[in-house]
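Below is one structure, written out as structure tokens; comments come after it.
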Amino acid sequence: MAKGNGTVTHASRARHALKSMSPDLPRQRIVIGEVVASEKPLLLQTLLGSCVAVCLHDPVSGAGGMNHILLPGGRYDQRTSRFGVNAMELLINKVMRCGGERQRLVAKAFGAGNILPGLRRPTCGDLNAAFVREYLSVERIPLLAQRLGGTHAVHVHFRTDNGKAVVHSVDGSRLSAVLKCEENYSDAHSADNNFTGDVTLF
């Protein structure tokens, strides 16, 4: 989208959306294997390639949280939250400890992208997306919104107290940082100023 002539750029739209949803809120960035929940308003942020983040929220108590899942499915290691089942159980329990009620929980899910061309299907992103949808269905937690799949990495911003989320694609120049993040389980540098194609509010 071109600048000038009153046209709003994608970057401007994203910054405006973030400012309107989280004025003066404390922010916390989470990385692979981390699970964070809060009973107080908090803006959680994460960067996703093939990984997936599930955001849970109790609309009555205002408790909410997010995880960052590397791989789907089973209990490969009971001590780690990089794997789907572990990360989901930890997130549910943390939100409940913050005052959430399990029967009131609602979910939003993002990520699971296929950011490298030519991967054999199903890819890790495909498996992560399928895992999240199946897990939430089995646990009867409504999936109110999702942006799963696609070919772009995404940056997710989730407000714990009201469940609002802003998701935007990350500029292609960030691909190496996303891959490094997912390979080394370390935080990629801030992507706040690397907006690209689309910005979506959930």
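Looking at 94, 40, which is the one that is under 30 Å from residue 24 (Cβ atoms) and part of a loop (DSSP other than H, G, I, E, B)?
Among 94, 40, only 40 is under 30 Å from residue 24 (Cβ atoms) and part of a loop (DSSP other than H, G, I, E, B).
Of everything in the stretch 10-68 that is among the acidic types (Asp, Glu) and modelled with pLDDT of 95 or more, the residue that is farthest from residue 124 (Cα to Cα) is 39.
Taken over the stretch 97-140, the criterion of being without any contact (Cβ under 8 Å) to a residue 60 or more places away in the chain, assigned to a helix (DSSP H, G or I) and closer than 19 Å to residue 161 by Cα is satisfied by 102, 103, 104. Looking across the stretch 107-148, just one residue is touching an Asp or Glu at 6+ places or on another chain (Cβ under 8 Å) and either within 21 Å of residue 63 (Cα to Cα) or of a type outside the set (A, V, I, L, M) (or both), and that is 114.
Output the residue which, of all residues in the stretch 107-139 that are among the β-branched types (Val, Ile, Thr) and over 14 Å from the mean Cα position of the chain (by Cα), is surrounded by the fewest Cβ atoms within 10 Å (Cβ to Cβ). Once the filter is applied, the top-ranked residue is 138. Which residues, counting only those in the stretch 34-74, are touching a Leu at 6+ places or on another chain (Cβ under 6 Å) and free of Cβ contacts under 8 Å to residues at least 24 places away in the same chain? Scanning the stretch 34-74 gives no hits. For residue 164, the conditions (1) farther than 19 Å from residue 36 by Cβ; (2) basic (Lys, Arg); (3) modelled with pLDDT under 95 all hold with the exception of (1).
Within the stretch 145-152, is there a residue that is in contact (Cβ under 8 Å) with a residue 12 or more places away in the chain, of a type in the set (Val, Ile, Thr) and buried (at least 18 other Cβ atoms within 10 Å of the Cβ)?
No - not one qualifying residue is present in the stretch 145-152.
Here the stretch 33-47 is the region considered, the condition is being buried (at least 24 other Cβ atoms within 10 Å of the Cβ) and touching a helix residue (DSSP H, G or I) at 6+ places or on another chain (Cβ under 8 Å), and the residue that is nearest to residue 100 (Cα to Cα) is 37. Please tell me if residue 83 is modelled with pLDDT of 95 or more and under 23 Å from residue 128 (Cα atoms). No, not satisfied.
The values are calculated or read from the model by the stated rules, or taken from the named source; none is laboratory data. Just so you know, these numbers come straight off a predicted model, no measurement behind them. Cβ coordinates were reconstructed from backbone atoms using ideal geometry, including for glycine residues, and neighbour counts include every protein chain displayed.
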